[in-house]
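*Asks:* Below is the structure I would like to discuss, written out as structure tokens.
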Amino acid sequence: METPSLRIALQKSGRLTEKSIALLQNIGLVFDTYKDHLLISCRNYPIELLFVRDDDIPEYVQDGVCDLGFVGANVVAERKASVTTLKALEYGYCRLCLAVPKESKVTHFSQLSGKRIATSYPHLTESFFASHQLPIEVVELSGSVEIAPKLDIADGICDLVSTGSTLKANGLRELETIFNSQTLLIQTQKVISNHKQDLIQKLLIRINGQQQAQNSRYIMMNAPAASLERIKAIVPALKSPTVLPLADPNMIAVHSVIPIARFWEVMEELRDTGASGIVILPIENMID
Ligand code: PRT
Ligand code: ZN
């Protein structure tokens, strides 16, 4: 029997937990403390949150125990889970990398042919070498992969890297990225009711709005009225910028939304148009 609530799997305690919870709260879901409970209900939305180890999330979603899950692309790919990716969530960025001891003579991954590679990602590691027709021996470890070369149980490793400081601290040198990862929102491929599908669409609209807001800034400025066309070309708003008259008939106020990625470029170009009193504000949420 299908549960009437949408059930979402989240990591119970780890690198993705805080940001996944924050995302759900930012899109308006209200739930009580999750720390001591595996399954909690949202107070204002027909959603249940199931807190589990991240490794189990792809299977829970694949089997339809949960309708949705928040989990790293690395885990989904390693587990070869049959799930649908709805959205990349823009956090939990990392990459699965091959690395060797600093002093190793290996400078290209092809030189690892016939060697031992320690990893918690046997499937992704094997697939990478197989795709280059290179035989290797996988030494599967569940953690502390980075010390394997020192213990002489491997010649190289394949592990997740974000800043690179763990590799460095363990005297390892990065050779090659074999997989780029971030957190994904995944959906089960089991048949679900129209009611649940509707709830998922509504959630997606909220998540899209949240992401767009996070990647945008609201910009306000005063400018000579004669510069309006140039300003419009620099800050193309969602549809059209808001233009307001000022007490001085030669001046106007322009309000618009800009992508954060173009922030400095826009600022520099705006100054050349005579714009002044430029104010930038964060946006809580936006719906197109
Ligand atoms: O208990 P549970 O099984 O749920 O958690 P876990 O210990 O398996 O996972 P966790 O919480 O460590 O990571 C969860 C997810 O976060 C991963 O599956 C990735 O999708 C993502 N992620 C992002 C990372 C990293 N960045 C990361 N840096 N996961 C692990 N690391 C580790 C890496 O294994 C290495 O030990 O951090 C170290 C490297 O970090 P840097 O910054 O020194 O390069
Ligand atoms: Zn895990």
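Laboratory data are not the source of any read-out in this text; all were calculated from the coordinates shown. Note that this is a predicted model, so its numbers are computed, not measured. Neighbour counts run over all protein chains shown; Cβ positions are idealised from the backbone, glycine included.
*Asks:* Across segment 167-204, what is the total count of residues that are of a type in the set (Val, Ile, Thr) and either over 21 Å from the mean Cα position of the chain (by Cα) or buried (at least 20 other Cβ atoms within 10 Å of the Cβ) (or both)?
*Replies:* 5
*Asks:* Being within 14 Å of ligand 2 (Cβ to nearest atom), surrounded by 12 or more Cβ atoms within 10 Å (Cβ to Cβ) and not aliphatic (A, V, I, L, M) is the filter here; which residues of segment 141-162 pass it? Give the steps one after another, and end with the answer.
*Replies:* Let us first name the residues in segment 141-162 that are within 14 Å of ligand 2 (Cβ to nearest atom), namely 141-145, 159-160.
Then drop every residue that is not surrounded by 12 or more Cβ atoms within 10 Å (Cβ to Cβ), which leaves 141, 144-145, 159-160.
Those that are within 14 Å of ligand 2 (Cβ to nearest atom), surrounded by 12 or more Cβ atoms within 10 Å (Cβ to Cβ) and not aliphatic (A, V, I, L, M): Ser144, Asp159.
*Asks:* Taking interchain pairs and intrachain pairs at least six residues apart, which have beta carbon atoms under 6 angstrom, with the first residue in segment 147-165 and free of Cβ contacts under 8 Å to residues at least 40 places away in the same chain and the second surrounded by fewer than 18 Cβ atoms within 10 Å (Cβ to Cβ) and of a type in the set (Lys, Arg)?
*Replies:* Ala154/Arg116
*Asks:* In segment 1-17, what residues are within 26 Å of His195 (Cα to Cα) and part of a loop (DSSP other than H, G, I, E, B)? Give the steps one after another, and end with the answer.
*Replies:* Of the residues in segment 1-17, the ones within 26 Å of His195 (Cα to Cα) are 1-11.
Those that are within 26 Å of His195 (Cα to Cα) and part of a loop (DSSP other than H, G, I, E, B): Met1, Glu2, Thr3, Pro4, Ser5.
*Asks:* Where in segment 216-288 are there strands (runs of 3 or more DSSP E), lying fully within it, with 3 or more residues that are in contact (Cβ under 8 Å) with a residue 24 or more places away in the chain?
*Replies:* 216-224, 251-259, 276-282
*Asks:* Looking at (1) in contact (Cβ under 8 Å) with a residue 40 or more places away in the chain; (2) more than 26 Å from Ser82 (Cα to Cα), which is the one condition that is false for Arg43?
*Replies:* (1)
*Asks:* Restrict the check to segment 81-92 and report whether at least one residue is surrounded by fewer than 17 Cβ atoms within 10 Å (Cβ to Cβ), within 16 Å of ligand 1 (Cβ to nearest atom) and polar (S, T, N, Q).
*Replies:* So far as segment 81-92 goes, yes, one or more of its residues are surrounded by fewer than 17 Cβ atoms within 10 Å (Cβ to Cβ), within 16 Å of ligand 1 (Cβ to nearest atom) and polar (S, T, N, Q).
*Asks:* Ok, one more. Give me the pairs, please: first residue somewhere in segment 50-72 and at positive phi, second residue anywhere and buried (at least 20 other Cβ atoms within 10 Å of the Cβ), beta-carbon distance under 7 Å, and either six or more positions apart or on two chains.
*Replies:* Gly64/Thr188
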